[in-house]
Amino acid sequence: MRLSARSITFLSLILVGYAGTHEDTTTGATSLAALAQDYPTKPVRLIEPFGAGGGPDLIARALAEKLSQLWVQPVTVENMPGAGATAGPAQVAKSPADGYTLLINTSAQAYSAALLKNLPYDPLKDFIPIAPLTTQPYVLVAGKQAGFTTLGELIAAAKAKPGELKFGSAGIGTGTHVGVEKFNLAAGIKTVHLPAGPVDSNADTIANAIAGRTTYYMAPISLPLPQIRDGKLVALGVSTARRSSLLPEVPTIAEAGVAGFDFPIWYGVWTPAGTPAVVVDKLAKDIARALAAPDLRDWLAKHGANPMSMTQAEFARFVLSESERAAQIIKAAGTKSH
């Protein structure tokens, strides 16, 4: 995918600028090598911005356990929901750039750059992408009281009443928002976005769909499974090209009538810009080692997640290309920046 001049500038900062933390002197090189070898020498914080029980939280805790074993240092997960899933990134952006405060986020870290202009941080320039984690489907759900049993019924209702149906999301610029904008474009429908409130978590967004305050919601597939299984939510379609083993009876959105639709969620880890390159390199390699552990891979598979594999540089380029993709969707949808 072709990147904009702005994104190329950010990529240069990520791949070249922070490498300037290397020193040319022998003493400097030695001290940096020692820094990488010794890291971490104290507990590491892993901040996730969606709240307890969601996909990022579950994956963060599984990763934290593996990294704690690898490093023989505590790795703590801190849930920091709020501000449309931007409170957590804001905290990490202003933390010391030393590798001891990390962000685990969804594709929202890339997508928010296309929509949110008044943040206290820049989602691209103020962070270094370290490593991808996993990818998995979203599932498009509706509250039982909405009365829809198929995706076709939802689309027909939206076309019959343009601009009346409402969809929820975890926040403006999150994958749960951009994914529905992409779905609406592909399905040829117009609906109203009701994003999460300033202190809402994913659980609140699901509660809104169950209570009928919103009509539908595109959720990370592992999140609404209990409500789907007890009949409070109806699963209308999964967002990837293939069905999910977690909901094998639910068709893909493409199978349900929106040809070619494919929009997975992905997760990754970031650190504040300015973190020494040797620490970034060690983090990337150690996270890859953790993801390669057979027991963690089995756990991820049971939760419908597939491990991703990229070098740090490849992940940095991927984040920028995903930001560009979101910008194209938002532009086509006519969604205003906030």
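Can you work out which of the residues in the stretch 247-267 that are within 19 Å of Ala110 (Cβ to Cβ) and out of contact with any helix residue (DSSP H, G or I) (no Cβ under 6 Å at 6 or more places or on another chain) is surrounded by the fewest Cβ atoms within 10 Å (Cβ to Cβ)?
Selected residue: Asp262.
Within the stretch 268-285, can one find any residue that is among the polar types (S, T, N, Q), open to solvent by less than 40 Å² (accessible area, probe 1.4 Å), closer than 30 Å to Glu153 by Cβ and not in a helix (DSSP H, G or I)?
There is no residue in the stretch 268-285 that is among the polar types (S, T, N, Q), open to solvent by less than 40 Å² (accessible area, probe 1.4 Å), closer than 30 Å to Glu153 by Cβ and not in a helix (DSSP H, G or I).
Of Leu46, Leu70, which residue is in contact with a Lys or Arg (Cβ under 8 Å, 6 or more places away or on another chain) and either open to solvent by 40 Å² or more (accessible area, probe 1.4 Å) or part of a strand (DSSP E or B) (or both)?
Going through Leu46, Leu70 in turn, the sole match is Leu70.
Filter the stretch 316-338 for residues that are more than 17 Å from Gly268 (Cα to Cα) and polar (S, T, N, Q); which is most open to solvent (accessible area, probe 1.4 Å)?
Result: Gln328.
In the stretch 135-155, which residue that is crowded, with 23+ Cβ neighbours inside 10 Å and out of contact with any Gly (no Cβ under 6 Å at 6 or more places or on another chain) is nearest to Ile189 (Cα to Cα)?
Leu154
Taking the stretch 302-315, which residues are open to solvent by less than 30 Å² (accessible area, probe 1.4 Å) and either within 15 Å of the chain's Cα centre (by Cα) or modelled with pLDDT under 95 (or both)?
Gly304, Ala305, Phe315
Please indicate, with yes or no, whether at least one residue in the stretch 58-78 is over 17 Å from Phe315 (Cβ atoms), touching a helix residue (DSSP H, G or I) at 6+ places or on another chain (Cβ under 9 Å), among the aliphatic types (A, V, I, L, M) and free of Cβ contacts under 8 Å to residues at least 40 places away in the same chain.
yes
Among what's in the stretch 212-238 and is among the small types (Gly, Ala, Ser) and within 23 Å of Glu181 (Cβ to Cβ), pick the residue that is surrounded by the most Cβ atoms within 10 Å (Cβ to Cβ).
Ala219
The values are calculated or read from the model by the stated rules, or taken from the named source; none is laboratory data. Predicted model, so just to flag it, every value in this text is computed and none were measured. Note that we place each Cβ from the backbone using ideal geometry, even for glycine, and neighbour counts take in every protein chain shown. Keep in mind that these areas ignore ligands, DNA and RNA; they rest on the heavy atoms of the full protein, side chains included. Shrake-Rupley method; radii C 1.70, N 1.55, O 1.52, S 1.80 Å.
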